[in-house]
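K.L.:
The structure's right below; bear with me while I get my questions together.
The values are calculated or read from the model by the stated rules, or taken from the named source; none is laboratory data. Being a predicted model, the structure only gives us computed values, none of them experimental. For neighbour counting, all protein chains shown are included, and Cβ atoms are generated from backbone atoms with ideal geometry for every residue, glycine included.
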DNA sequence: ATGCTAATGCGAACTATTTGCATTTGTCAA
DNA sequence: TTGACAAATGCAAATAGTTCGCATTAGCAT
């Protein structure tokens with residue numbers, strides 16, 4: 001377990017993240033505890049997911065997994081993604097291009113800045129914004145179940 | 001042209017919106033000024049869009065338009081939506097269900113609160129949040145081109 | 001080892017959207 | 001007012017991303 005604090009001067013981007021191995025172990029545990037089976041292909045997919053520090057889509061994950069073990073099929077990737085999403089182990093994002101992209105869910109909640117020229121994703125977090133959101137929802141009579149803040153940006157200069 | 005100020009105590013939700021007729025006229029003008037043709041089906045679709053105060057998807061718009069004039073096809077609805085989106089006359093949203101939903105773009109920018117039980121969409125705006133977003137992007141070396149804030153909520157009690 | 005059932009691969013189905021093409025229809029100039 | 005030409009349409013087929021049905025394979029508890 002490692003703790004990473006960046007940009008501390010701005011009370012933002014405070015992540016508590018596990019190592020890729022810890023993540024893998026947790027994925028495996030998640031699978032086992034519900035009585036599901038640990039298959040070869042699941043092992044490979046979980047490994048790939050645990051190692052991913054970017055926001056790959058299903059197809060990209062399929063290619064990474066398939067490169068390691070040719071017995072991994074796209075269907076199984078999709079099935080595994082859905083499984084882990086339902087368990088809350090990974091998060092699904094629908095950025096502006098149609099397909100879904102995934103990321104590990106072991107970090108604290110954060111928002112995304114997407115570079116519209118390179119598709120690079122930068123994560124950030126602002127306590128103030130989080131708080132304002134909650135206030136607004138409360139005022140309208142709602143509780144926030146989940147939320148999404150995406151800044152589509154272009155590099156300065 | 002009407003000006004609507006709600007929730008003024010919270011400096012939020014300040015919309016300058018046109019009437020449905022004004023909107024329709026503007027859509028027509030948008031089409032004409034670029035040398036495009038005003039067809040029967042476009043007239044119907046523009047009318048439906050101008051009248052919509054909700055966030056309908058393409059299929060819903062097709063049904064509303066088709067009910068008025070059976071000569072309107074789904075393809076044409078899609079083509080018209082794309083046309084108006086490119087002109088900036090309407091806005092496309094990708095809320096969490098796969099399909100896209102549209103809304104008139106003549107209001108000032110606002111964010112969305114989505115009731116996850118009813119799919120109802122409430123619009124809001126917070127100056128403070130807008131400002132914080134710009135600060136964060138700037139600090140990371142970016143300019144915001146567009147952004148998206150969606151609160152997926154459940155009614156209290 | 002054995003058997004039961006979950007998990008897999010494959011291809012077909014599905015949903016949302018776009019596109020190719022033959023036909024229709026605005027529009028503008030004569 | 002008419003004619004001609006390009007733009008717009010409807011339809012069906014194509015596409016992209018994702019899910020599903022089903023026969024087969026393979027975990028895993030006994």
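K.L.:
Residue check: is residue A:101 near DNA strand D (Cβ under 9 Å from one of its atoms), within 14 Å of another protein chain (Cβ to nearest Cβ) and crowded, with 17+ Cβ neighbours inside 10 Å? Walk me through it before giving the result.
P.N.:
Numbers: near DNA strand D (Cβ under 9 Å from one of its atoms): yes; within 14 Å of another protein chain (Cβ to nearest Cβ): yes; crowded, with 17+ Cβ neighbours inside 10 Å: yes.
When the stated conditions are applied, residue A:101 passes them.
K.L.:
Within the stretch A:78-98, how many residues turn out to be within 15 Å of DNA strand C (Cβ to nearest atom) and either in a helix (DSSP H, G or I) or surrounded by 15 or more Cβ atoms within 10 Å (Cβ to Cβ) (or both)?
P.N.:
Restricting attention to the stretch A:78-98, the residues satisfying the condition of being within 15 Å of DNA strand C (Cβ to nearest atom) are A:78-87, A:89, A:94-98.
Those left that are additionally either in a helix (DSSP H, G or I) or surrounded by 15 or more Cβ atoms within 10 Å (Cβ to Cβ) (or both): A:78-87, A:89, A:94-95.
Total meeting the criteria: 13.
K.L.:
Would you mind stating whether residue B:35 is within 12 Å of DNA strand D (Cβ to nearest atom) and either more than 14 Å from chain A (Cβ to nearest Cβ) or in contact with a strand residue (DSSP E or B) (Cβ under 6 Å, 6 or more places away or on another chain) (or both)?
P.N.:
Details: within 12 Å of DNA strand D (Cβ to nearest atom): yes; either more than 14 Å from chain A (Cβ to nearest Cβ) or in contact with a strand residue (DSSP E or B) (Cβ under 6 Å, 6 or more places away or on another chain) (or both): yes.
Taking the combined requirement at face value, the residue satisfies it.
K.L.:
Still on this structure, I have one more. Yes or no: residue A:75 over 20 Å from residue B:97 (Cα atoms) and at the interface with chain B (Cβ under 10 Å from one of its Cβ atoms)?
P.N.:
On the way: over 20 Å from residue B:97 (Cα atoms): yes; at the interface with chain B (Cβ under 10 Å from one of its Cβ atoms): no.
When the stated conditions are applied, residue A:75 does not pass them.
K.L.:
Let me ask something else about it. Just to be sure I understand, how many residues within the stretch A:1-34 are at pLDDT 85 or above and within 16 Å of DNA strand C (Cβ to nearest atom)?
P.N.:
If we filter the stretch A:1-34 for residues that are at pLDDT 85 or above, which is where we start, we get A:23-32.
Narrowing further to those that are within 16 Å of DNA strand C (Cβ to nearest atom): A:24, A:27-32.
Residues flagged as at pLDDT 85 or above and within 16 Å of DNA strand C (Cβ to nearest atom) within the stretch A:1-34 amount to 7.
K.L.:
Still on this structure, please answer the following. Could you tell me which residue of the stretch A:142-157 is modelled with the highest pLDDT, considering only residues that are touching a strand residue (DSSP E or B) at 6+ places or on another chain (Cβ under 7 Å) and surrounded by fewer than 13 Cβ atoms within 10 Å (Cβ to Cβ)? Let's see the steps before the verdict.
P.N.:
From the stretch A:142-157, those touching a strand residue (DSSP E or B) at 6+ places or on another chain (Cβ under 7 Å) are A:142-156; that's our starting set.
Subsequent filtering for residues that are surrounded by fewer than 13 Cβ atoms within 10 Å (Cβ to Cβ) retains A:146, A:156.
Working: A:146: 86, A:156: 89.
So, considering only residues that are touching a strand residue (DSSP E or B) at 6+ places or on another chain (Cβ under 7 Å) and surrounded by fewer than 13 Cβ atoms within 10 Å (Cβ to Cβ), the one modelled with the highest pLDDT is A:156.
K.L.:
Looking at B:68, B:114 in this structure, which one is surrounded by fewer than 20 Cβ atoms within 10 Å (Cβ to Cβ) and either over 20 Å from residue B:30 (Cα atoms) or modelled with pLDDT of 90 or more (or both)? Please lay out each step first, then the result.
P.N.:
Working: B:114 fails: surrounded by fewer than 20 Cβ atoms within 10 Å (Cβ to Cβ).
Only one candidate qualifies: B:68.
K.L.:
Considering every residue within the stretch A:124-134, establish whether at least one is closer than 14 Å to residue B:140 by Cα and either more than 7 Å from every other protein chain (Cβ to nearest Cβ) or in a strand (DSSP E or B) (or both).
P.N.:
Taking the stretch A:124-134 as the starting set, the residues that turn out to be closer than 14 Å to residue B:140 by Cα are A:124-126.
Next cut, either more than 7 Å from every other protein chain (Cβ to nearest Cβ) or in a strand (DSSP E or B) (or both) only: A:124-125.
So far as the stretch A:124-134 goes, yes, one or more of its residues are closer than 14 Å to residue B:140 by Cα and either more than 7 Å from every other protein chain (Cβ to nearest Cβ) or in a strand (DSSP E or B) (or both).
K.L.:
Given the criteria more than 7 Å from chain A (Cβ to nearest Cβ), at pLDDT below 90 and over 13 Å from the mean Cα position of the chain (by Cα), does residue B:88 qualify?
P.N.:
On the way: more than 7 Å from chain A (Cβ to nearest Cβ): yes; at pLDDT below 90: yes; over 13 Å from the mean Cα position of the chain (by Cα): no.
Spelling it out, it is not the case that residue B:88 is more than 7 Å from chain A (Cβ to nearest Cβ), at pLDDT below 90 and over 13 Å from the mean Cα position of the chain (by Cα).
K.L.:
Confirm whether residue A:21 is assigned to a helix (DSSP H, G or I), more than 11 Å from DNA strand D (Cβ to nearest atom), within 28 Å of residue A:114 (Cα to Cα) and without any contact (Cβ under 8 Å) to a residue 60 or more places away in the chain. Reasoning before the result, please.
P.N.:
Details: assigned to a helix (DSSP H, G or I): yes; more than 11 Å from DNA strand D (Cβ to nearest atom): yes; within 28 Å of residue A:114 (Cα to Cα): yes; without any contact (Cβ under 8 Å) to a residue 60 or more places away in the chain: yes.
So residue A:21 fits the description; yes.
K.L.:
List the number of the failed condition for residue A:109; all other conditions in (1) under 20 Å from residue B:133 (Cβ atoms); (2) without any contact (Cβ under 8 Å) to a residue 24 or more places away in the chain; (3) within 18 Å of the chain's Cα centre (by Cα); (4) surrounded by 14 or more Cβ atoms within 10 Å (Cβ to Cβ) hold.
P.N.:
The single condition residue A:109 does not satisfy is (4).
K.L.:
All but one of (1) under 21 Å from residue B:154 (Cβ atoms); (2) more than 9 Å from chain A (Cβ to nearest Cβ) hold for residue B:116; which doesn't?
P.N.:
(2)
K.L.:
Somewhere in the stretch B:135-146, is a residue on the phi > 0 side of the Ramachandran plot, within 14 Å of DNA strand C (Cβ to nearest atom) and not in a helix (DSSP H, G or I)? Give the derivation first.
P.N.:
Let us first name the residues in the stretch B:135-146 that are on the phi > 0 side of the Ramachandran plot, namely B:141.
Remaining after also requiring within 14 Å of DNA strand C (Cβ to nearest atom): none.
No.
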